[in-house]
Each structure stands twice: as C-alpha cells, then as structure tokens.
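J.: Take this structure first; my questions come after.
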Amino acid sequence: MSLANVIDGRGIAEQIHAETSGRIAALKQRGVQPGLAFVRVGEDPASQVYVGMKERMSARLGLASLTRVLPETASQNDLLKLIGQLNADPAVHGILVQAPLPPQIHAPAIYAAVSPQKDVDGFHPINVGKLVLGDSTGFLPCTPAGVHELLIRSRVKIAGAETVILGRGNIVGKPMA
C-alpha cells in the first residue's frame, strides 16, 4: 500500500516568497533595509551558480545584498578578516559563506566566526546546539528547514512516521535527523 503524497513545492515556494516580501516591505516601512552578504572563495562554477541564484532571489524579494569574492588562494585569516568586517557592518543582517571552501581554509573555524545572529545558514556552534536541543530561536540549516516547512504546509503528519534520511553530513543529513 502506497502512502505517497505529491507536494506542490513550486506553489508553496511562491507562498513563502509572497510572505517574505511582505515582511521585508514592513521592515522597510519602519526604516530597516534588510541586508544579506554572500561570501565566496574561488571560482568554483557550481558556487558561482548558487550565489547567483541567491542574489537574484534577494533582489526579487527586496533584500539588499552584496557579494564578496576572495581568490582561491586566500588564507583563512583573509576570510576571517572579511567575516569580521561583515559581522561589524550594521547594514548586513545575514551572512552566507558559500561552500565548498578551499583546502587551506578550515570550514568549522569560518562558520564559528560568523556572528550567530547573522548566521543564516545555521552552522555556528550556538545555532547547531540550539537545533540539537530543540530550541527554534536560532537559525536552522536551510535545506532541512525547507523540507520541514514543505511537510508542514502540505499537512504531512511527521510525528510517529517512519522515515529514511540519506546522508550524514553537517549541512543536510545530521540536521534532518
């Protein structure tokens, strides 16, 4: 017996976009221009595409965005300095560091350097800890949060369901579990 549900992801995405645009417009009416910073190290083609998609969505939703690109040869200290500047910038409300990072850069140190209040990827140890403890006041990793939102908006009953989670990485698998 199949219990498959077809989820209208595109329709749900449009609802979320409309809601988000409304929230952004309300902030702007109060004099707050939400700002998002994208950080990329190197010229990885997939990373260029992903950041480009995020930039276009930011513009569509009315977010101010800026992208900072460091060369592939950048040191960890170069990236930490940039993150420090973005953390201190009051016009930047969120920071996304695009993975993958080159091998000379220790990703966990970079994620820990992003202010937990600006860590929209949910990778800072404080936000990870909140996730593990079931505290939803921190930022959640985007993909698992998106999947959860799709299930809720589709009225899929999660409690007591048998599920399979493929992968055990820090970005999707572990947070989904």
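Derivation of every value follows stated rules applied to the coordinates shown; laboratory data play no part. All figures in this text were calculated on a predicted structure; none of them were measured in a lab.
J.: When you have a sec, figure out the Kirkwood radius of region 67-169 from all distinct Cα pair distances and drop it here in Å to one decimal?
T.: Numbers: mean 1/r = 0.0645 Å⁻¹.
Its Kirkwood hydrodynamic radius stands at 15.5 Å.
J.: Ok, one more. Could you work out the relative contact order of region 34-119, using alpha carbon pairs under 8 angstrom and six or more residues apart, expressed as a whole percent? Write out the running numbers ahead of the final one.
T.: Numbers: 118 pairs, mean separation 35.4, N = 86.
So the answer I get is 41 percent.
J.: Between Ala113, Ala46, Ala159, find the one with the highest GNM mean-square fluctuation for the chain; connect C-alpha pairs within less than 10 Å.
T.: Of the options given, Ala159 has the highest mean-square fluctuation.
J.: Rounded to two decimals, what is Rg over Rh for the chain when you use alpha-carbon atoms and the Kirkwood radius? Walk me through the numbers before you get to the answer.
T.: Values: Rg = 17.5 Å, Rh = 17.8 Å.
Rounded to two decimals, Rg/Rh equals 0.98.
J.: To the nearest 500 deg cm²/dmol, what mean residue ellipticity at 222 nm is calculated for the chain from DSSP H runs of n ≥ 4 alone, each contributing -39,500 (n - 2.57), summed and divided by the residues? If you can, show how the numbers build up before the last one.
T.: Values: 7 runs with 82 residues, N = 177.
Result for the chain: -14500 deg cm²/dmol, rounded to the nearest 500.
J.: How long are the three semi-axes of the equivalent ellipsoid of region 131-177, in whole Å, if each is the root of 5 times an eigenvalue of the C-alpha gyration tensor, listed from largest down?
T.: Numbers: eigenvalues 57, 41, 23 Å².
Gyration-tensor ellipsoid for region 131-177: 17, 14, 11 Å.
J.: Same structure, new question: Find the centroid of the Cα atoms in region 149-177 and in region 1-63, then give the distance between the two in whole Å.
T.: What the calculation gives is 21 Å, centre to centre.
J.: Can you tell me the equivalent ellipsoid semi-axes for region 34-119? Use √(5λ) from the Cα gyration tensor, largest first, whole Å.
T.: On the way: eigenvalues 79, 54, 17 Å².
After scaling each eigenvalue by five and taking roots: 20, 16, 9 Å.
J.: Straight-line reach from Lys54: which aspartates and glutamates have Cα under 14 Å away, leaving out those fewer than 8 places along the same chain?
T.: The reachable aspartates and glutamates, counting only those whose Cα sits under 14 Å from Lys54, are Asp121.
J.: With springs connecting C-alpha atoms under 10 Å apart, model the chain as a Gaussian network and identify which of Glu19, Glu55, Glu162 has the largest mean-square fluctuation.
T.: Of the options given, Glu162 has the highest mean-square fluctuation.
J.: Can I ask one more? Of the residues Asn87, Asn127, Asn77, which exhibits the maximal mean-square fluctuation in a Gaussian network model of the chain defined by a 10 Å Cα contact cut-off?
T.: Asn77
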